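The values are calculated or read from the model by the stated rules, or taken from the named source; none is laboratory data. Owing to the predicted nature of the structure, the values given are computational and were not obtained by experimental measurement. Positions of Cβ are backbone-derived with ideal geometry, glycine not excepted, and every protein chain shown enters the neighbour counts. Note: accessible area is taken over every heavy atom of the protein model, side chains too, but ligands, DNA and RNA are not part of it. Shrake-Rupley method; radii C 1.70, N 1.55, O 1.52, S 1.80 Å.
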Amino acid sequence: MNSFLNGLSQAVRSALWVVVAIVILCGRAQAHELSPAVADLSFENGAFSVEIEMNLEAAIAEIGPDHDDTNDSPNAAEYDALRALDPGALEQRFDGFSGGFLKEIDIISNGAAVDLSIDGLDVPDVGDTELARVSTLRLSGVLPEGAQSLTFGWARQLGAIVLRTQTDAAEDGYAAFLAGGEVSEPIAVEGQVARSLWAVFTDYIGIGFDHILPKGLDHILFVVGLFLLSTQLRPLLIQITAFTLAHTVTLALGMLGVLAIPASIVEPLIAASIVYVAIENIFMSRMSPWRPFIVFGFGLLHGLGFAGVLTEFGIPAGQFVPALIGFNIGVELGQLTVIAICFALVGYWFGGRDWYRARVVIPGSVLVALIGAYWFIERTIL
């Protein structure tokens, strides 16, 4: 009788943890994630222009870089109110904010600050208020006479930004990932010299890692599902290898434009892949013969998701290979970090216990499956 009650008590505790985790993680799934702004810089006849795609509401509400999610900010209510404004109303709010905003962009040429002017602002109509609205801001300025280069600075409170230049020559161009508060390298006004392959490579490692940790919750849960199947190294290595090979293929094909599938199809299928691996964990105590092939197939889907993210950042002309390899390595480092965290939290301490499967694998897999199912419904119906 006592053993029955102890078992029931353990089951209740496990179920409660599952419920608590679902509430927390589903709340995160609906939250408003912040993405870096993307700026395209161009030069012509002694002047320059900058076209910035950004979350204008987050800047006006002063969400700041300390919050990856707008719901975590004390200004979340103001942000939500701005998201609901029609384009004309938001443009009016920006008019009162623009003077201070321009001071947050620091462009230096010939040792002197260059004044910026606003040429236009395009704000999309209000859509799904659970998703960030991306507005396009066009700025311009006149360079000092004889200017050979400029540097671009972006204030810390505006978060991260991807800065790009493009020219007609395929070998030219510049691209950099600037964290808030960072300043670019000097960018040549004419005959723009591409950044070194190593600089582009290391930049895109950071972009890839950031897409997994902390922002890629769906990819994190998929990797957790792979980890939960077994604490033995061989099954985990087989699954991770299959997943890596697959998403590398479709990431490359997607960036080359060979393969393009709408996100409206890819994202629900990624959620379905999370559900599948979690359910199989519940009914299989070891790796089935078909599991690596299934994981490979799901890896193809995740690669298309990665390609969608990388497309938003863009890849500088002539530096496709180092950027792509760097991004992929960043993704892999992120995934390995997830596995290391899982192993440090539960695998190392409890992996060899008789109760590990009943108290860790099954409740954990149920949690992962329920969250994946919620995302599938959200991405197809809600």
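Quote the accessible area belonging to Met54 in square angstrom, nearest 10, computed with a 1.4 Å probe and with ligands, DNA and RNA left uncounted. Per-residue accessible area (Met54): approximately 10 Å². Subtracting the Cα-Cα distance of Asn75 and Asp125 from 0.36 nm times their residue separation leaves 15.8 nm of extension gain.
Computed over segment 272-381, the convex hull of the alpha-carbon atoms projects to a mean area of 8.8 nm². For segment 89-134, GluC sites (Glu not before Pro) meeting the loop criterion (DSSP other than H, G, I, E, B) and having at most 14 other Cβ atoms within 10 Å: Glu104, Glu130. For Asp115, the accessible area of its heavy atoms, probed at 1.4 Å with every protein chain present, is near 130 square angstrom.
Excluding ligands, DNA and RNA, the accessible surface per residue across segment 247-304 is 48 Å² with a 1.4 Å probe.
Once all protein chains are placed together, Arg133 keeps about 10 Å² accessible to a 1.4 angstrom probe.
Here the 3J(HN,Hα) profile of segment 234-240, calculated from phi with Karplus coefficients 6.51, -1.76 and 1.60 at θ = phi - 60°, is 4, x, 5, 5, 4, 5, 5 Hz, Gly and Pro shown as x. Applying a DSSP loop filter and a limit of 12 other Cβ atoms within 10 Å to the chymotrypsin sites (Phe, Trp or Tyr not before Pro) in segment 323-380 leaves Trp355. One equal scatterer on each Cα of segment 322-382, no solvent, Debye formula: the resulting log10 I(q)/I(0) at q = 0.28, 0.29 Å⁻¹ is -1.02, -1.05.
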